[in-house]
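Here is the structure we will look at, set down as structure tokens.
The values are calculated or read from the model by the stated rules, or taken from the named source; none is laboratory data. Bear in mind that the values here come from a model prediction, so they are computed numbers and not experimental data. Counting neighbours? That spans all protein chains shown, and the Cβs are built from the backbone with ideal geometry, glycine included. Surface accessibility is based on the protein's heavy atoms, side chains included, excluding ligands, DNA and RNA. Shrake-Rupley method; radii C 1.70, N 1.55, O 1.52, S 1.80 Å.
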Amino acid sequence: MRVLFIGDVVGKAGRSLLAEALRRLQAEVEADFTIANVENAAGGFGLTEPVWAELKRLPIDVFTSGNHIWDKRETAAILDGEPRLLRPANYPAGNPGRGFCVQESRGGVPVAVVNLQGLTFMTPIESPFAVADRVLAEVGNAARVIVVDMHAEATSEKQALAWYLDGRVSAVLGTHTHVPTADERILPSGTAAITDVGMTGPYEGIIGFKPRGVLERFLYATPRSFEAASRGAALCGVVVEVEDATGRALGIRRVRVEGAA
């Protein structure tokens, strides 16, 4: 089977391109299962009810997220009410939502999707390594195909989790930094890995935002408001080919769809 994983959807530009290009891309790559990270979908920060209503109409099987999923207060109700929308599993118990789910592919194959968040340069929550062990024990025999969204800053931490889970999951795919990396590979025991799949959003800016606010934060070392950019949209992600019976990855390749100029 083929899993299409779409990188962080940023703002209106990202949502528009996703809606425009998704079905065509799914047909081109013969996707059996589609995952998209949507933590930045509402103006670059979190989710709102209208944005979620827009996204859930798309043919996406599971939606992952990260630290920005908490940026809009209304997101809590969405997380509790939608089992296909995940937040990182290693946040403390008592938070809304869930960190993994199992859904069926187009061909009826169970696919487990696990959402984790790194610790380096990020909120000090529970170890994604320890939580991954617990989640995989809970998934058990419910799914052999298992895809992990590792939402983290540090390249070393993303790669470390991939090696830690090598042979136990089908893929560990990095998100959060919005810059696609060129290190896609299959690890020795059959896990596909990439440090960051990139974003689906406006590349004419700084990680999806208009340059001014970002530059001022670097120049003056004080908080600034960020505004999502609107030009140079591209959809970035990966396609992972997985052996249904074993969950072993057979291949991984990057995909990029350019939006209108």
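Just a few scattered comments:
- For Rg and Dmax of the Cα atoms in Å, calculated from these coordinates, the label among (i) 23.7, 74; (ii) 17.0, 55; (iii) 19.7, 71: (ii)
- Carbon/sulfur fraction of accessible area - the stretch 1-133, other protein chains in place, 1.4 Å, %: 52 percent
- When shorter helices are ignored and each DSSP H run of at least 4 residues is given -39500 (n - 2.57), the per-residue value for the chain at 222 nm works out to -7500 deg cm²/dmol.
- Annotation for Phe129 and Glu204: the two label points, set 7 Å from Cα along the Cα-Cβ direction, are 4.4 nm apart.
- Each of Tyr164, Tyr220, Tyr91, Tyr203 has its accessible area taken with a 1.4 Å probe; listed largest first, they run Tyr220, Tyr164, Tyr203, Tyr91.
- Carbon + sulfur, % of accessible area of the stretch 204-261 - ligands and nucleic acids excluded, 1.4 Å: 53 percent
- Arg98/Asp244 FRET efficiency (R0 22 Å; Cβ-Cβ; nearest 0.05): 0.35
- For the stretch 75-169: rounded, prolate or oblate by the Cα gyration tensor [a/c cutoff 1.5]: oblate
- For the stretch 94-135, the fraction of alpha-carbon pairs lying more than 14 Å apart is 59 percent, rounded to a whole number.
- Those lysines that a straight Cα-Cα span of less than 21 Å connects to Lys12, excepting residues fewer than 8 apart in one chain: Lys56, Lys72, Lys210
- Excluding ligands, DNA and RNA, the accessible surface per residue across the chain is 43 Å² with a 1.4 Å probe.
- For Arg217, the solvent-accessible surface computed with a 1.4 Å probe is close to 110 Å², ligands and nucleic acids excluded.
- For the stretch 48-53, the Karplus equation 6.51 cos²θ - 1.76 cosθ + 1.60, evaluated at θ = phi - 60°, returns couplings of 10, 4, x, 5, 5, 4 Hz by residue, with Gly and Pro reported as x.
- Overall form of the stretch 165-225 per C-alpha gyration tensor (a/c, 1.5; a/b vs b/c): prolate
- HN-Hα J in Hz across the stretch 234-243 - Karplus 6.51, -1.76, 1.60, θ = phi - 60°, x for Gly and Pro: 8, 9, 10, x, 9, 10, 10, 8, 10, 6
- Nonlocal amide H pairs with Val148, under 5 Å, H built at 1.01 Å: Val114, Ala171, Val172, Leu173
- FRET efficiency, 1/(1 + (r/R0)^6) with R0 30 Å, evaluated for Thr222 and Glu49 via beta carbons: 0.40
- With q set to 0.13, 0.19, 0.20, 0.27 Å⁻¹, the log10 of I(q)/I(0) for the stretch 124-167, from the Debye formula over equal scatterers at the Cα positions, is -0.30, -0.62, -0.69, -1.14.
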